[in-house]
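Below you'll find the structure, written out as structure tokens, and then a few comments.
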Amino acid sequence: MSILPGAEPHHHDGGSVGVLLCHGFTGTPQSLRPWARYLAAAGLSVSLPLLPGHGTRWQDMNLTTWQDWYATVDRAFDRLRERCDTVFVMGLSMGGGLALRLAQQHGDKVAGLVLVNPSVQADDPKVRLLPVLRHVIPSVAGIASDIRLEGSVELAYPRTPVKAAYSLSRFWRVVSADLPQVTQPVLLLHSPHDHVVSPANSETVLAKISSTDVTDVLLNDSYHVATLDHDAERIFASSLEFVRRLAPDARAPETAERD
């Protein structure tokens with residue numbers, strides 16, 4: 001299937017410090033592209049892959065699982081590691097969960113995590129019905145564009161694929177159980193008024209990770225897709241400051257951008 005205009009992956013060859021960005025469930029790189037470009041302009045190498053089943057039509061997601069989504073970011077991480085001395089991982093929503101899983105699996109090869117409204121647990125009691133629903137209906141209502149900023153729109157599916165949602169629920173169990181394995185520095189930015197992922201997810205992350213270098217930031221002026229909302233510039237600037245604090249070599253060399 002052809003990729004939706006605007007949903008393309010984004011890559012930027014910069015300096016020796018790299019950043020892997022992970023988008024959310026039913027979303028696309030569009031939700032993180034301004035962030036990726038901000039970090040690239042600062043001289044960082046950036047990888048923003050399109051997850052399998054995303055960015056085409058929602059039916060395609062029902063043919064994929066969380067293992068497919070994780071495998072894609074895992075490969076992207078390995079490619080960044082091949083050309084960069086230091087690699088950070090950042091993510092929105094499910095992308096935050098994928099970032100946490102990379103930290104759990106790769107240890108100190110992940111220099112730090114920036115998590116925006118990370119999704120690590122079930123918020124809706126109806127999730128318990130997914131094992132049955134996945135055999136009955138193909139999709140339910142979508143979760144896209146939970147954004148406070150007027151006129152800002154997320155490029156994401158209008159429907160939520162049920163089989164894919166079931167796989168996501170299985171992923172939550174894995175990533176949540178292993179949160180104590182996360183020891184890397186963490187910058188957590190979360191919205192108290194999030195209509196997709198409850199603040200309880202961020203509370204769980206803070207309570208269970210073993211990291212000692214943790215910065216907790218409230219995004220009071222944004223909803224779930226905060227990277228396209230009022231607090232976007234704050235997220236971008238805070239993440240760059242976080243990278244430069246932990247990797248002083250992050251600077252702006254001659255770079256080349258690839259879409």
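Bear in mind that the values in this text are calculations on the coordinates, not laboratory data. What you see is a predicted model, and the numbers here were worked out from it, not measured in a lab. So basically every Cβ, Gly included, is an ideal-geometry build from the backbone, and we count neighbours across all protein chains shown.
Quick rundown of the values:
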read-out	value
Principal axes of the stretch 105-259: Cα extent on each, largest first, Å	53, 39, 33
Cα centroid separation, the stretch 40-113 to the stretch 180-229 (Å)	18
Computed magnitude of the charge dipole of the stretch 20-85 (debye, nearest 20; Cβ of K, R +1, Cβ of D, E -1)	220
Rounded to the nearest 20 debye, dipole of the stretch 99-215 from Cβ charges on Lys, Arg, Asp, Glu	580
Cross-link reach list, aspartates and glutamates versus Lys163, counting only Cα pairs under 18 Å and skipping chain neighbours closer than eight places	Asp60, Asp68, Asp123, Asp124
Share, in percent, of DSSP beta bridges within the chain that are antiparallel, nearest 5	30
Dipole axis of the chain (+1 Lys, Arg; -1 Asp, Glu on Cβ), positive-most option in Thr215, Gly24, Leu39	Gly24
Cα gyration tensor of the chain - equivalent ellipsoid semi-axes, whole Å, descending	27, 20, 18
Packing-based ranking, highest mean first, of 14-20, 175-181, 48-54, 68-74 given that Cβ atoms within 10 Å are counted	14-20, 48-54, 68-74, 175-181
Kirkwood Rh, angstrom, the stretch 17-59 [1 / mean 1/r, Cα pairs]	11.0
Overall dimensions of the stretch 46-165 as given by Cα atoms, namely Rg and Dmax in Å	15.7, 48
Debye equation applied to the C-alpha atoms of the stretch 134-215, log10 I(q)/I(0) at 0.13, 0.15, 0.24, 0.25 Å⁻¹	-0.59, -0.76, -1.16, -1.18
Largest to smallest principal axis extent of the C-alpha atoms in the stretch 205-245, angstrom	30, 25, 12
Charge dipole magnitude, Cβ of K and R +1, D and E -1 - the chain, Cα centre, debye nearest 20	740
